[in-house]
Amino acid sequence: MTKYIFITGGVVSSLGKGIASASIGTLLQSRGYSIRMRKMDPYLNVDPGTMSPFQHGEVFVTDDGAETDLDLGHYERFTGTSCHKTDSISGGRIYWNVLTKERQGEYLGATVQAIPHITNEVKNFISSDLHDEDFVIYEIGGTVGDMEGVLLLEGVRQFINQVGRENAMLIHLTLVPYIKTASEVKTKPTQQSVRKLLELGLFPNLILCRSDNPIPADEKRKIAMFCNVKPEDVISAPDVNSIYKIPSVYHSEGLDDRILTYFNMLDKASSPQMEKWKKIENIIGNWKNEITIGIVAKYCGFPDAYKSLNEAVYHAGINNETKINIKWINAEDLETMNETELKNTFADINGMIVPGGFGHRGVEGKIKAAQYARENDIPYLGICLGMQVAVIEMARHLLGIKDANSTEFTNDCTPIISLITEWENNGKKEIRDENTDKGGTLRLGSYKCKITPKSLAHKIYGAEEIEERHRHRYEMNIKYEDELKKKGVIISGRSPDGKLPEIIEIPEHKFFIAGQFHPEFKSRPFAPSPIFDALVKACLKLKYML
Ligand code: GLN
């Protein structure tokens with residue numbers, strides 16, 4: 001029977017609950033079990049699609065086109081499994097579902113209430129779309145004690161009571177701060193946070209303690225005594241310099257053994273397979289090369305807004321045993337720079353990425369960056385908007401269309417990039433228009449792309465058909481294909497019906513490639529995205545071409 005693990009957070013936010021959950025997932029896989037990872041967030045947005053990356057970090061996109069919390073990205077990267085639309089829910093979605101049912105008369109005139117209707121919806125989510133996985137792991141967003149999380153936790157409490165404690169476990173992640181002036185670690189915030197859980201009728205079976213350093217045995221005993229767990233169930237989660245070291249740290253603290261002991265499954269578990277994590281750890285400590293990649297972005301100084309991108313770069317670095325320094329270049333700053341300033345800005349980078357983005361802010365700077373990379377033979381990877389700005393730049397400077405632009409930014413232009421309202425996915429027609437509400441007009445999720453044989457894209461992917469994830473509204477206008485070709489730019493990837501350009505490249509350039517999709521979402525530490533890997537190889541001047 002499926003076992004359920006719920007992960008809550010206490011004391012403060014930003015303790016890395018997502019990574020802790022993902023690490024638990026991979027540890028259980030390493031013991032031979034199948035897993036599923038899910039996220040429940042208390043906020044009232046129906047999904048994170050329209051939330052600002054400044055506030056909430058990147059919007060992660062699944063194969064099946066859900067716009068989700070960035071933690072689902074951690075789950076996929078750590079466990080190698082793909083998440084689905086049904087794997088995340090927000091407070092807003094729960095209310096939305098309940099209110100929709102209410103409007104449709106499904107409650108048959110009953111008074112609709114937080115309990116049981118909202119909590120039933122929480123329980124529906126917990127048990128929906130499961131496929132006999134050994135473990136399903138639910139990360140609960142927010143911090144225990146927040147008012148807005150109460151109904152989620154009440155749903156969890158009822159669910160645990162229904163399936164029985166032998167089938168469900170609660171892991172609480174807390175902070176154990178070190179107070180310098182007293183030279184002591186402090187356990188009281190953890191005790192108080194566990195008390196908050198108790199008030200809600202929940203109690204932790206295991207406590208994961210985030211701290212600067214490993215937690216001394218005495219303090220573990222103290223936490224155990226006050227929080228009603230065994231000292232072995234107080235697991236120290238000290239800071240480490242790479243998130244990819246966390247599974248090994250948890251493992252050496254006995255976390256997987258303790259979870260399996262709780263469920264009486266230790267005897268049947270296979271011995272831990274931690275080799276792949278060890279291999280990564282060895283590479284991280286012993287880089288053989290070092291390069292700098294410039295990322296021309298809007299949300300500089302806020303790396304969470306580009307979480308998967310950062311990780312994809314890091315994965316490609318691991319694959320090439322190369323330490324990659326990221327130089328964040330503010331796109332808006334580029335707009336007013338003269339030639340010398342531009343040259344100085346790009347002088348110390350080995351390669352450039354222009355990532356995805358929405359809205360006009362910084363776009364002219366990104367166009368300038370693409371031009372600089374093209375004209376100065378700097379390896380360039382354009383992602384989604386990064387492809388669109390490259391095409392606009394080429395139209396302006398290679399084709400002489402001075403007012404070339406995207407209709408996302410102005411209608412007073414020659415539309416090189418524009419809104420296309422119909423497209424095909426797996427033989428089915430999909431339609432959107434400018435008036436559809438903001439949450440639902442995007443081309444979202446995994447789409448097939450046909451690759452031109454012998455192109456750079458073909459060498460990179462080693463296939464004539466690939467699938468990558470999308471999240472955009474606008475498309476390159478294919479009617480400029482022939483003119484661009486005469487200037488040395490080819491379309492090397494397109495939608496299966498041939499209508500939508502998916503990849504452009506410049507064969508004569510050292511490395512210039514851009515895709516309409518987001519390859520970063522599929523990159524994994526053990527299987528880097530081929531296109532990021534190729535960028536790093538190009539920066540290292542490696543001969544990767546066939
Ligand atoms: N804003 C562009 C569009 O909607 C690009 C989106 C992106 O980069 N994800 O088409």
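The values are calculated or read from the model by the stated rules, or taken from the named source; none is laboratory data. Quantities reported herein were computed from a predicted structural model and do not represent experimental measurements. Here the Cβ is made from the backbone with ideal geometry for all residues, glycine too, and neighbour counts use every protein chain on show. Keep in mind that these areas ignore ligands, DNA and RNA; they rest on the heavy atoms of the full protein, side chains included. Shrake-Rupley method; radii C 1.70, N 1.55, O 1.52, S 1.80 Å.
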### Message
Being surrounded by 14 or more Cβ atoms within 10 Å (Cβ to Cβ), touching a Pro at 6+ places or on another chain (Cβ under 9 Å) and not β-branched (Val, Ile, Thr) is the requirement here; does Met265 meet it?
### Response
no
### Task
Return yes when Lys323 is touching a residue at least 60 places away in the same chain (Cβ under 8 Å), open to solvent by 30 Å² or more (accessible area, probe 1.4 Å) and touching a Gly at 6+ places or on another chain (Cβ under 9 Å) and no when it is not.
no
### Message
Checking the conditions here, which among Ile349, Ile392, Ile367 is among the β-branched types (Val, Ile, Thr) and away from the ligand (no atom under 16 Å from the Cβ)?
### Response
Ile349
### Task
Working only within the range 395-417, note down all residues that are open to solvent by less than 10 Å² (accessible area, probe 1.4 Å), of a type in the set (Ser, Thr, Tyr) and away from the ligand (no atom under 13 Å from the Cβ).
none
### Summary
Exactly one of Ser193, Ser236, Ser252, Ser242 is of a type in the set (Gly, Ala, Ser) and open to solvent by 60 Å² or more (accessible area, probe 1.4 Å), and that one is Ser252
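When the range 370-388 is examined, which residues are found to be farther than 17 Å from Gln516 by Cβ and either open to solvent by 10 Å² or more (accessible area, probe 1.4 Å) or near the ligand (Cβ under 9 Å from one of its atoms) (or both)?
As a first pass, look at the range 370-388 and keep what is farther than 17 Å from Gln516 by Cβ: 371-379.
Gln371, Tyr372, Arg374, Glu375, Asn376, Asp377, Ile378, listed by residue number.
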### Task
Would you mind telling me which numbered condition in (1) in contact with a strand residue (DSSP E or B) (Cβ under 8 Å, 6 or more places away or on another chain); (2) open to solvent by less than 60 Å² (accessible area, probe 1.4 Å); (3) in a helix (DSSP H, G or I); (4) closer than 28 Å to Asn213 by Cβ Tyr314 fails?
(2)
### Query
From Thr100, Thr68, Thr86, Thr62, which residue is of a type outside the set (Asp, Glu) and in contact (Cβ under 8 Å) with a residue 60 or more places away in the chain?
Thr62
### Message
Among (1) within 26 Å of Lys522 (Cα to Cα); (2) open to solvent by 40 Å² or more (accessible area, probe 1.4 Å); (3) at pLDDT below 90, there is one condition Asp433 misses while meeting the rest; what is its number?
### Response
(1)
### Message
I want to confirm something. Restricting to the range 48-79 and keeping residues that are touching a strand residue (DSSP E or B) at 6+ places or on another chain (Cβ under 8 Å) and farther than 29 Å from Leu27 by Cβ, which single residue is modelled with the lowest pLDDT?
### Response
Gly49
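On the basis of being in a helix (DSSP H, G or I), among the hydrophobic types (A, V, I, L, M, F, W, C) and closer than 24 Å to Asp69 by Cα, does Leu151 make the cut? If you could, list the steps in order and put the result at the bottom.
Values: in a helix (DSSP H, G or I): yes; among the hydrophobic types (A, V, I, L, M, F, W, C): yes; closer than 24 Å to Asp69 by Cα: yes.
Yes.
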### Message
I'd like to know if the range 283-294 contains one or more residues that are in contact with a strand residue (DSSP E or B) (Cβ under 9 Å, 6 or more places away or on another chain), within 23 Å of His509 (Cα to Cα), in a loop (DSSP other than H, G, I, E, B) and modelled with pLDDT of 95 or more.
### Response
no
### Task
Could you please give the count of residues in the range 222-252 that are at pLDDT 95 or above and assigned to a loop (DSSP other than H, G, I, E, B)?
2
### Task
Give the residue, chosen from Pro272, Pro238, that is in contact (Cβ under 8 Å) with a residue 24 or more places away in the chain and in contact with a Leu (Cβ under 9 Å, 6 or more places away or on another chain).
Pro272
### Task
Could you please find all residues in the range 70-83 being open to solvent by 10 Å² or more (accessible area, probe 1.4 Å) and either charged (D, E, K, R) or in contact with a Leu (Cβ under 8 Å, 6 or more places away or on another chain) (or both)?
Asp71
### Query
in contact with a Leu (Cβ under 6 Å, 6 or more places away or on another chain) and of a type in the set (Lys, Arg) - does that describe any residue in the range 158-180?
no
### Summary
Of (1) of a type in the set (Gly, Ala, Ser); (2) closer than 24 Å to Gly57 by Cβ; (3) away from the ligand (no atom under 16 Å from the Cβ), Ser308 satisfies every one except (3)
### Message
Just checking, does the range 348-367 include any residue being under 22 Å from the mean Cα position of the chain (by Cα) and surrounded by fewer than 15 Cβ atoms within 10 Å (Cβ to Cβ)?
### Response
yes
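So, Ile115, is that one touching a residue at least 12 places away in the same chain (Cβ under 8 Å) and not in a helix (DSSP H, G or I) or not? Break it down stepwise before answering.
Values: touching a residue at least 12 places away in the same chain (Cβ under 8 Å): yes; not in a helix (DSSP H, G or I): no.
So Ile115 does not fit the description; no.
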